[in-house]
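Nothing in this text is a laboratory measurement; each read-out follows from the coordinates by a stated rule. Being a predicted model, the structure only gives us computed values, none of them experimental. Cβ placement follows ideal geometry from the backbone for every residue including glycine, while neighbour counts extend to all protein chains displayed.
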Amino acid sequence: MNIEQLQNKITELKKENDVCILAHSYQAHEILEIADFTGDSYKLSVDASKVENKNILMCGVRFMAETCKILSPEKKVYLAQPIAGCSMADQMDKQLISQIKEMYPDYSVVAYINTTADLKTICDVCVTSSSAVKIVNNIENKNILFIPDCNLGDYVAKQCPEKNIKLLSGGCPIHACVNTDDVKKAKALHPDAELLVHPECVPEVVAMADYVGSTSGIMNYAINSDKKDFIIGTEISIAEHLQYKCPEKNFYFLSLKLICPNMKSTTLADVYNCLAGKGGEEIILDDDTIKDAKKCIDEMIRLGG
Ligand code: 13P
Ligand code: SF4
């Protein structure tokens, strides 16, 4: 089957089986084309809580599918590609953070949504890259333990100077690879381009950017800008999607190191196989995990809404 035939089969199967397909913006173009909802982690988690279909198929990474299951426990939630984890989400577990919480009993634990469902059960509130500053500002407590991404945490701390924010040394190994030399090289090649970066990049790179935001934030900024040239400092798929959406503008990768193997592991064939009952994985979480993890996701939606 060619891409179009596969897409048509997927469209038929998702109607037949009452499935809603969610795709993160880092997914390939042909997957975004067959999705019912696309966007950043925050938008997808809110969309997931509103869908009426009996089944949800997540094209993204495991923590995103877990978030859908927590928000819609009565639905069957599938991850199209079972090996699609997130290197950042796998860095910190419940045991480690429980010990650190004991050392800082007066701190509110703010967890980036890129964490496991199990870890979320002991956190106070979740944030995403697009909602972190607003949510941290809205938390009453001045003392915040921000996990796991120290780069996003540093960005938030700079935007919320009245808060006392403690960071741990976690983060996205893909975004953290990009350095100021990469920025200098890209700017030398494209001197008129604006630099748009994700806050998972290191603070020195963030400091050189014209705009800092989530995957959707970067896309909206570039689409609505009067400027013509942009260097995109997040997973390379964002520059590719923008080139489709704005053919009259030019989008350049900040670095070819910005390829997330987890996000890239889902193919259109995986989506088809999952819908046809030949692949994918149903997300199963026990009732206590769902109940406890839901508290910090509900708090995210309440404080970020
Ligand atoms: P967004 O919150 O911008 O969707 O980012 C998720 C992510 O995994 C970035 O690496
Ligand atoms: Fe996780 Fe980084 Fe990939 Fe985002 S880019 S899914 S944070 S490994």
>> Report, in listed order, any pair from LYS75/LYS295; LYS50/LYS163; LYS134/LYS187; LYS75/LYS134; LYS15/LYS249 with a Cα-Cα distance greater than 28 Å.
In response: LYS50/LYS163; LYS134/LYS187; LYS75/LYS134; LYS15/LYS249
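When you count, for each residue, the other Cβ atoms within 10 Å and take the mean per peptide, how do 275-283, 113-121 rank with the highest first?
Numbers: 275-283: 16.3, 113-121: 23.3.
Answer by packing, highest mean first, reads 113-121, 275-283.
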> Given labels modelled 7 Å from the Cα in the Cβ direction, how far is it in nm from SER225 to ASP292?
Replying inline: 4.4 nm
>> Can you list residues from other chains, or at least 5 along the same chain, whose modelled amide H is less than 5 Å from the amide H of TYR78?
In response: ILE56, LEU57, MET58, ILE283
> For the chain, what does the alpha-carbon gyration tensor say about shape, rounded, prolate or oblate, given a ≥ b ≥ c as the root eigenvalues, a/c under 1.5 as rounded, and a/b over b/c as prolate?
Replying inline: oblate
> So what are the ³J(HN,Hα) numbers for region 282-292, from phi and the Karplus equation (6.51, -1.76, 1.60; θ = phi - 60°), rounded to whole Hz, Gly and Pro as x?
Replying inline: 7, 7, 10, 10, 6, 4, 5, 4, 4, 4, 6
>> Can you give me the C-alpha center-to-center distance between region 202-229 and region 150-190, rounded to a whole angstrom?
In response: 13 Å
>> Please list, ordered by chain and number, the residues whose modelled amide H lies under 5 Å from the amide H of ASP149; skip anything fewer than 5 residues away on the same chain.
In response: TYR112
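Using 1/(1 + (r/R0)^6) with R0 = 51 angstrom and r between the beta carbons of LYS245 and ARG302, what's the FRET efficiency to the nearest 0.05?
Values: r = 32 Å, r/R0 = 0.63.
In this case the efficiency is close to 0.95.
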>> Using the Karplus curve 6.51 cos²θ - 1.76 cosθ + 1.60 with θ = phi - 60°, what ³J(HN,Hα) values do you get for each residue of region 200-208, in whole Hz, with x for Gly and Pro?
In response: 6, 6, 5, x, 5, 6, 4, 5, 8
>> Given points 7 Å out from each Cα along the Cα-Cβ axis, report the ASN164 to ASP192 separation in nanometres with one decimal.
In response: 5.1 nm
>> If the reach is capped at under 19 angstrom between alpha carbons, list the aspartates and glutamates near LYS264, excluding any in the same chain fewer than eight residues apart.
In response: GLU30, GLU33, ASP40, GLU66, ASP90, GLU200, GLU235, GLU240, GLU281
> In whole Hz, what ³J(HN,Hα) sequence does region 39-46 give by Karplus (6.51, -1.76, 1.60; θ = phi - 60°), x for Gly and Pro?
Replying inline: x, 7, 4, 5, 4, 5, 5, 6
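Suppose the chain between GLN99 and ASN179 were pulled fully straight at 0.36 nm per residue; how much longer would it get relative to their current alpha carbon spacing? Walk me through the numbers before you get to the answer.
Working: separation 80, 0.36 × 80 = 28.80 nm, distance 3.25 nm.
Using 0.36 nm per residue and subtracting the Cα-Cα distance, I get 25.6 nm.
Cross-link list LYS94/LYS291; LYS158/LYS227; LYS9/LYS278; LYS69/LYS142: which exceed 22 angstrom alpha carbon to alpha carbon? Don't skip to the end; give the middle numbers.
Details: LYS94/LYS291 16 Å; LYS158/LYS227 27 Å; LYS9/LYS278 14 Å; LYS69/LYS142 31 Å.
Flagged as over cut-off: LYS158/LYS227; LYS69/LYS142.
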